[in-house]
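Working notes, structure below.
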Amino acid sequence: MKRKVIVAVGAHPDDIEFGCPVTLSNYKEDGYEIHYIVATNGENGFKVKSLSSKERIDIRKKEQLIAARKVGVKEVHFLGYKDGFLDYDDILREKLTLLFKELKPEIVFSFDPANMGFDNINLNHRDHRNISVAVFDAVFAAKNDFIYPDKKGLHRIEKLFFFGTHKPNYEVDITDKLEFKLDVLSSFNSQFPNFDNFANFFKEHIGRDSEKYKYAEVFRVVDVVQISY
Ligand SMILES: [Zn+2]
């Protein structure tokens, strides 16, 4: 059987879990191998000030691995960037390109690079903006033999699923799996001092992007058109 792979890319531990854990677990059930790439350590997303940087990094990594295990992710690839300082540069693009060439995903999930409205201080966070553009450009670089040549050769990704988007064109009904999504999010203990409060807020506001379904994960799906003359 042909190996089918999905790679989901976030800037921080918990980005992918807000965006698309139910959709990813549906794909996992359909036989896809799921990989995560997490760009920063997430060490600056804390309210408690008493922990050292290393302690905060360790906590967030541990939480990310617990959440990934619940979705059945094969591997989490931590890039180790400092939280809040993610630049889009050629080193980041190269790291992503080489991982795409190595893992050979059919679909890549990440933030939507079209969301540059600067209308939401959390969604339009610097790290989210920069990872979204770097992923988009790495999808191009992965199908080119010359930009980052290596022995793995080029790889063509077929589809991009952008979460946290303002222009969704595809919705996945998660109404029956809302409790699963909340359970995955509850892995991030450090982020939710009172998880019940968060769960209520999520049910009231965050999970309700869709007019069609009570709860949904919504995406802007882009087909990566392969042009041949
Ligand atoms: Zn984030």
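The values are calculated or read from the model by the stated rules, or taken from the named source; none is laboratory data. Small disclaimer: the values here were computed from a predicted structure and weren't measured. Cβ coordinates were reconstructed from backbone atoms using ideal geometry, including for glycine residues, and neighbour counts include every protein chain displayed.
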Of the conditions (1) surrounded by 14 or more Cβ atoms within 10 Å (Cβ to Cβ); (2) within 16 Å of the ligand (Cβ to nearest atom); (3) modelled with pLDDT of 95 or more, the single one that R126 does not satisfy is (1)
Starting from residues that are over 23 Å from H155 (Cα atoms) and either within 12 Å of the ligand (Cβ to nearest atom) or surrounded by 17 or more Cβ atoms within 10 Å (Cβ to Cβ) (or both), keep the ones in the stretch 27-45 and report whichever is modelled with the lowest pLDDT.
G45
From the list I16, I6, I57, which one is surrounded by 23 or more Cβ atoms within 10 Å (Cβ to Cβ) and either of a type in the set (D, E, K, R) or more than 13 Å from the ligand (Cβ to nearest atom) (or both)?
I6
Taking the stretch 14-30 and keeping residues among the charged types (D, E, K, R) and either touching a Ser or Thr at 6+ places or on another chain (Cβ under 6 Å) or within 23 Å of N41 (Cα to Cα) (or both) leaves D14, D15, E17
